[in-house]
Every structure is written in C-alpha cells, then in structure tokens.
Amino acid sequence: MPAATATHCPYCALQCAMTLDPASAAAVEQGFPEVAGRDFPTSRGGMCRKGWTSAELLASPSRLTAPLLRGADGAFREVSWDAALDRMAGEFRAARDRYGADGVGVFGGGSLTNEKAYQLGKFARIALRTSRIDYNGRFCMSSAAAAANRSLGLDRGLPFPVTDLDDARTVLLLGTNPAETMPPFVQHLEHAREHGGLVVVDPRRSATARMADDGGGVHLQPTPGTDLVLLLGLAHVVVHDGLADRDYLERRTTGLDALLPVLNAWWPERVEQVTGVPAARLRRAAHLLARDRRGTYVLTGRGVEQHVDGTDTATAAINLALLLGLPGVPGSGCGTLTGQGNGQGGREHGQKADQLPGYRSITDPAAREHVAAVWGVDPAELPGAGVPAVELLTTLGADHGVRCLWVNGSNVVIGAPDSGAVARGLQALDFLVVCDFFFSETAEYADLVLPVLQWAEEEGTMTSLEGRVLRRRRAVAPPPGARDELWIMAELARRLDAPGTFSTEPEEVFEELRRASAGGKADYSGISWAALDAGEACYWPWPAGAAGGTPRAFLDRFGHPDGRAVLVPVRPRAAGRAVDPSPRPNRRERLHAPGSLTLITGRYLEQYQSGNQTRRVPSLHEARPGAVLEIHPATAAALGIRDGAAVELTSPRGRVLAPARLSTDIRPDTVFLPFHFAGDQTANRLVSAAAVDPVSSMPEFKAGAVTVRALDPEETAR
Ligand code: SF4
C-alpha cells in the first residue's frame with residue numbers, strides 16, 4: 001500500500017480530493033492518517049472543516065467492531081459474524097414465509113458507493129424478492145430528479161462540469177447555501193460575484209445570501225413555500241420584457257404555448273403580494289439573468305425542492321432556464337446541487353423503489369429483461385415497483401407494511417420526517433438490522449447491529465454532483481471485526497439460496513454494474529476501472545465504444561425521444577389563498593394555529609446529515625455541539641424570548657428544545673433549526689410525513705408549522 005493514498009472526502013457530493021497518509025510523522029503522533037488537500041478541478045486543494053477532520057473518525061473509540069445482537073433481556077451482546085448472519089438470514093426467511101416477500105424491506109443511503117448501492121438493489125430484488133427498497137436520497141434529490149426527467153428527459157444533477165461556473169457572469173441560486181454546506185464550491189462563484197451577478201433566493205440571509213447582499217448581486221427573501229410563484233414571476237418578466245430566447249425555444253423546446261397563459265397570470269406586483277419580494281427587485285433579478293445568456297446559470301437546492309410542490313418548483317426553475325435559452329448551450333446551463341456524497345450515483349443503480357440499474361424503470365419490460373439477463377434470472381421473477389421512503393417508513397410493522405427491515409447507511413431516526421413516528425415503527429418491527437460504523441440513534445432500536453467499513457477502509461466508486469465517477473480508495477486497514485457490505489450480501493445470498501452471483505470485489509461489482517447500466521440513461525458501460533484509477537475524467541453517460549463520456553449533457557439533444565426539452569406548465573395547485581390554499585396538513589396547521597411560525601430545517605457547516613459521524617469529531621462537536629433556533633428579534637420580543645434563552649418548539653408530532661439565537665437574517669414569520677442532532681433536539685420530529693410532493697414523494701422539510709415559546713427557568717432545570 002503506498003504511503004499516501006489519493007481519495008476523496010467521505011461527506012458531501014462535491015467530493016473534495018484529498019490524500020490520506022497513515023505513515024507520516026504527524027499521522028503517527030496523532031494516531032490517525034494525515035489529511036492533505038489534493039489538486040482537483042472542483043476543490044482545487046481546498047476542503048471544509050469536515051473534510052480536514054474526517055480522518056479522526058478512523059481512530060474513534062466509539063467505532064463498532066463486532067456484530068451486536070440484542071438478547072431477551074434487551075441488552076446487546078457481541079456475537080460472531082456467523083451467528084449474526086445466520087440469525088439475519090433466518091429472520092428474513094421467517095418474515096418472508098409469514099408475510100410474503102414484501103414483509104421484508106431494505107433502506108439504503110446516498111453515501112454508499114455505487115457498487116454497494118447497485119448490489120443492495122440487486123440483493124433486494126433477487127435474494128429477498130421484495131419490492132420494498134428505497135433510500136434516504138428520496139429525502140434529498142427526488143423532486144429535482146423528477147423535474148429534470150420530466151423537462152429534460154435526464155436527471156444528472158449538474159449536466160456540466162463545476163468549473164464551467166468559473167466564467168459565469170450571473171448565477172441564480174435557489175434555496176441553496178453552498179457557502180455553508182460546501183465552502184470550496186464558492187470559489188466557482190467568484191467571477192459572477194465580481195460582476196454583481198449572484199442572485200440568491202433564500203428566506204434567510206444565509207452566508208451565501210450575504211455574498212449577494214455585499215455588492216455581489218441580489219438577495220430575494222421570499223415567504224417560505226412561495227418559490228414557485230417567485231419563479232413564475234421571473235419567467236413572466238423574461239417573457240413580457242422581451243428577454244426570452246425565441247430562436248432557442250423554437251429549435252430546442254416544446255410546450256411554450258401551454259406555458260405562456262400560466263406565466264401571464266403572475267405579473268411582478270401580484271408575485272410581490274404572495275412572496276413578499278418587491279416587484280422592482282424581481283424585475284432587476286430577471287434582467288440580470290438575461291443580460292448575458294452565455295454566462296448565466298440556474299441552480300436549485302433543497303430549500304426550494306423539499307416542499308410539497310418541490311417538483312413543480314424545480315420544474316419552474318428549468319422553465320426559466322429554457323426561456324433564457326441556457327440548458328445544453330456551452331457557457332450556460334441549469335442544474336441542482338446534490339447533497340449527499342453519492343446522492344447522484346445512489347439514485348442511478350437500483351436503490352430507488354421504482355428503478356433498476358442505469359436509471360431504468362422497473363416497470364419497463366425491456367429494462368427488466370436487460371437487467372434480469374445480467375443477473376441471471378427470469379425477468380418475471382423481478383418484483384415490481386415498491387413504495388417510496390416515507391410510505392415504507394410510516395407503515396413499518398403495520399398489516400401490509402414491512403415487518404423485518406435492513407437499514408444500511410442511513411440514520412432514519414434523525415433524518416426522516418416525523419422521526420418520532422419512525423422510531424415507533426421501528427419498535428413495531430419483528431426484526432431490525434442496522435449496518436453502520438458507529439452506534440447510531442437508529443441502531444438503538446435494532447435487534448442486530450453490524451459494523452461495516454468507513455470510506456478510507458474500502459475500495460469503490462462514487463459519482464459526484466457533476467456526474468463524474470470517482471475512485472474511492474482504501475488508505476488504511478479496517479478493524480478486524482468490521483466487514484464490507486458486499487461481503488455481508490454475498491454471505492446472506494448464500495444462506496438464502498439466492499440465484500445469481502454476489503461478488504465481494506468492488507471492481508467485479510463495478511464491471512457488472514457497467515453491463516447492467518449499458519443502454520440505460522445513466523450508462524456507465526464505457527467507463528473502465530483502469531480509466532478511473534488513472535484519474536481520467538469519466539462523466540456519464542459514457543456508452544461502451546464511445547470515445548469518451550459526457551462532461552456536458554444536452555449539447556445536441558435533450559433526453560426525450562424527440563430530442564427536445566419540454567416546457568411544463570406548472571402553477572400553484574389551487575385557487576383561493578394565494579400563498580397556500582391546498583389542504584396539506586402542516587400548512588393547514590399553520591393557517592389555523594394562532595402564533596405559529598414557519599420552520600425551515602437545514603445544515604451547519606460543521607455537521608453532516610444526521611451527525612452520526614461529525615458529532616463524534618471533537619473539534620466539530622465543540623464548534624456546533626447542538627441545535628440553536630434562529631429567530632428574528634421582533635418575533636422573539638413578541639414571544640418574550642431573550643437571546644440565548646431556552647425555547648420549546650412544538651408541532652402536532654412532537655417537541656424540540658433549543659437555545660434561541662436572535663438574528664435579523666431571518667424573516668419575522670420564520671424560524672430556522674438544523675437537523676443534525678439527537679434526542680430532544682431532533683428537528684425532524686416536528687416535520688410532517690403526511691405532506692409529500694405528489695410526483696416525487698419528497699416530504700416537506702422546509703415549510704413546517706411550529707409554535708415557539710420560552711421555557712421558564714424551572715422547566716429548563718428539569
Ligand atoms: S464535506 Fe463537502 S465541501 Fe466539505 S470537504 Fe467534504 S466534500 Fe468538500
């Protein structure tokens with residue numbers, strides 16, 4: 001093994017490049033590998049605090065190192081791998097016999113390597129024969145993915161390299177805060193900022209919004225949940241001020257005639273009434289976007305996507321980009337910023353309830369035939385589409401729900417909406433298996449906990465936010481008691497007499513993934529392990545036999561059969577109250593509960609996802625030990641809340657306790673809470689699982705209704 005290993009950060013989808021040196025003097029002294037930044041186009045040697053401190057977890061004393069089985073007394077005891085896997089296979093069989101194949105479920109994650117994600121989907125379909133598989137990426141990327149598929153015929157988060165943004169003059173950032181969530185990305189926005197071209201849409205004056213406010217552009221601060229209307233207003237100005245690219249629309253799109261009547265109804269003054277964004281500011285933003293189309297980009301993030309109308313909102317963003325003639329033209333474009341490390345690859349290779357590898361539909365007979373042939377099974381044996389994550393989790397233990405669940409690479413007790421109900425569902429299961437490297441909050445409900453490998457202990461591939469496939473490399477040996485999930489699946493498949501083969505070698509699994517993806521939308525068949533090893537820039541789709549991959553998608557044609565993009569007429573779904581007339585449970589609660597506020601959940605720079613990793617890094621924990629409620633001073637004064645005071649947030653689903661931080665960065669009708677924390681700080685306890693996007697099944701993480709009150713000193717002491 002070479003002294004220093006070239007790999008990538010374990011956390012977000014920017015996948016900053018790093019080297020890990022376990023033998024340097026510093027490494028020997030500190031007891032874990034030395035991390036160094038590595039030159040790479042997207043990160044250019046940079047990393048955020050999470051990346052720089054990531055290797056500390058390789059020496060964490062809380063690492064799981066042996067299978068843990070819960071005994072009749074409720075206590076966990078270490079058991080051998082043979083005993084653990086025998087028990088797991090036995091429970092799978094028993095549940096299948098008792099409830100049918102769909103009595104067993106699998107819940108994956110967007111941080112798993114491509115090989116694990118692929119193998120997990122295959123394992124579920126042919127070893128367990130269950131349709132019940134989905135993953136936590138459903139909570140991140142599903143609305144953006146649905147919109148891109150609908151409008152452009154292909155879902156690749158960024159259909160162009162991140163470095164294309166270096167020459168941008170105008171960038172519209174909708175509901176994304178990269179200055180906090182992926183700081184090295186911000187260097188690619190500098191050119192646009194220097195030209196006053198950052199247009200940031202966020203109800204909070206986030207770190208990214210401040211970059212716009214400080215002379216770099218325009219910050220639009222709409223009422224949460226009104227982004228769709230805001231986008232209709234921007235598109236209205238583009239059309240009515242003669243800023244649309246008529247030639248592009250004629251050549252490359254369909255649907256303009258159906259879209260125009262929708263846009264006509266959203267003139268800026270009407271949009272102002274709904275969103276609170278001044279009409280003049282909206283017009284200024286629209287003209288900024290149109291000033292130099294070849295340098296303009298439209299980017300969305302979870303802030304506008306994690307809503308019950310998230311797919312329509314992401315669609316409206318694409319419509320705006322199409323009206324301006326941006327997608328599929330060098331030097332401009334639109335896309336979404338993927339969050340989880342392998343959020344892109346994780347949704348391409350079969351973890352989703354309705355998908356087979358290569359971004360194929362599980363209901364398409366030709367797709368089933370192709371994948372079944374690669375797997376060595378009869379297509380008729382493959383189950384149909386399962387149910388999306390929220391439905392899978394809210395029916396745990398119920399009559400027709402999953403009774404025996406395997407959670408792999410996800411901490412649903414922190415990350416899922418209505419997390420209290422999820423915890424109760426886990427308790428209702430006959431058997432729960434959790435694979436993780438640390439004892440997560442979800443593991444607390446498990447019957448069996450299996451220790452698996454961390455990123456620097458494994459080989460594999462990841463697909464970054466720009467659709468580039470990257471090599472993850474082993475830099476250190478894993479603890480003796482931990483095992484690779486590929487090995488776990490192979491052992492279970494053998495015990496379950498599963499058809500097909502389950503390799504334990506990542507390179508072999510990647511070779512099979514290539515074949516399974518061949519001809520699909522996410523075609524990896526031309527990408528070789530050797531090319532990845534050599535550091536070649538491998539962007540999908542790269543069909544076998546093609547000279548190279550596709551750094552920039554859509555240059556010649558979009559993904560629909562006619563090669564054109566579709567302008568989809570999206571509109572707020574019902575008449576009546578302008579902001580939100582629809583009968584969505586959490587919004588109805590807000591409308592009817594006097595004094596309630598809109599809750600936005602989000603991230604801290606120092607924490608990642610459910611925090612199961614980053615909360616264990618001492619310097620990150622010290623910097624962000626818990627959730628702090630951000631609240632406007634005027635709202636706080638009305639509620640008798642002082643800066644630093646303990647407060648209680650409640651929704652019909654639960655309560656959360658946090659200290660308050662008074663800030664004029666947030667709107668008076670809105671509060672912000674990070675979602676990384678456990679116990680009585682779990683923000684997702686408050687979030688509804690009943691309010692989901694009808695197209696993507698994305699829960700509404702960004703517009704819940706809560707009431708907030710100050711706790712008196714006695715309550716705080718209890
Ligand atoms: S968390 Fe994201 S931004 Fe930070 S170092 Fe890792 S990949 Fe880069």
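Here, each number is a calculation from the coordinates, and none is a lab measurement. Owing to the predicted nature of the structure, the values given are computational and were not obtained by experimental measurement. Quick reminder, even Gly has a Cβ in these numbers, built from the backbone with ideal geometry, and neighbours come from all protein chains shown.
A few notes on this one:
- When 664, 5, 601, 275 are sorted by how many other C-beta atoms sit within 10 angstrom of their C-beta, beginning with the fewest, the order is 664, 5, 601, 275.
- Within the chain, helix-based [θ] at 222 nm, where runs of 4 or more DSSP H residues each add -39,500 (n - 2.57), nearest 500: -8500 deg cm²/dmol
- Sorted peptide list for 362-369, 606-613, criterion being average Cβ within 10 angstrom, highest first: 606-613, 362-369
- Reciprocal mean inverse distance between Cα atoms of the chain - Kirkwood radius, Å: 25.7 Å
- Partner lysines whose Cα lies under 17 Å from the Cα of residue 122, excluding those fewer than 8 positions away in the same chain, are identified as 352.
- Least to most buried among 521, 50 (fewest other Cβ within 10 Å first): 521, 50
- Using the Karplus relation 6.51 cos²θ - 1.76 cosθ + 1.60 with θ = phi - 60°, the per-residue 3J(HN,Hα) values for region 541-555 come to x, 9, x, 4, x, 6, 5, x, x, 10, x, 10, 7, 6, 4 Hz, with x marking Gly and Pro.
- Value of Rg/Rh across region 5-59 [Cα atoms, Kirkwood radius]: 0.96
- Relative packing of 557-564, 428-435, which averages over residues the other C-beta atoms within 10 Å, highest first: 428-435, 557-564
- Rounded to the nearest Hz, the phi-derived 3J(HN,Hα) couplings of region 692-699 under the Karplus curve 6.51 cos²θ - 1.76 cosθ + 1.60 (θ = phi - 60°) are 10, 5, x, 8, 9, 6, 6, x, where x marks glycine and proline.
- Residues whose amide H comes within less than 5 Å of that of residue 467, counting only those at least five positions distant or on another chain, are 158 (H built at 1.01 Å from N in the peptide plane).
- Values of log10 I(q)/I(0) for region 143-336 across q = 0.10, 0.12, 0.15 Å⁻¹ run -0.33, -0.49, -0.81, by the Debye formula with one identical scatterer at each alpha carbon and no solvent.
- Burial order of peptide ranges 624-633, 528-537, 197-206, 14-23 (average beta-carbon count within 10 Å, highest first): 197-206, 14-23, 624-633, 528-537
- Distant-in-sequence amide H partners of residue 647 (H built 1.01 Å from N, under 5 Å): 658, 660, 711
- Less than 5 angstrom separates the built amide H of residue 172 from those of 199, 297, 298, 299, all sequence-distant by 5 or more or on a different chain.
- Cβ-based exposure ranking for 554, 139, in which fewest neighbours within 10 Å come first: 554, 139
- In order through region 180-188: 3J(HN,Hα) via Karplus (6.51 cos²θ - 1.76 cosθ + 1.60), integer Hz, x for Gly, Pro: 9, 8, 8, x, x, 5, 5, 4, 7
- Relative to one another, the C-alpha centroids of region 677-718 and region 1-22 are positioned 35 Å apart.
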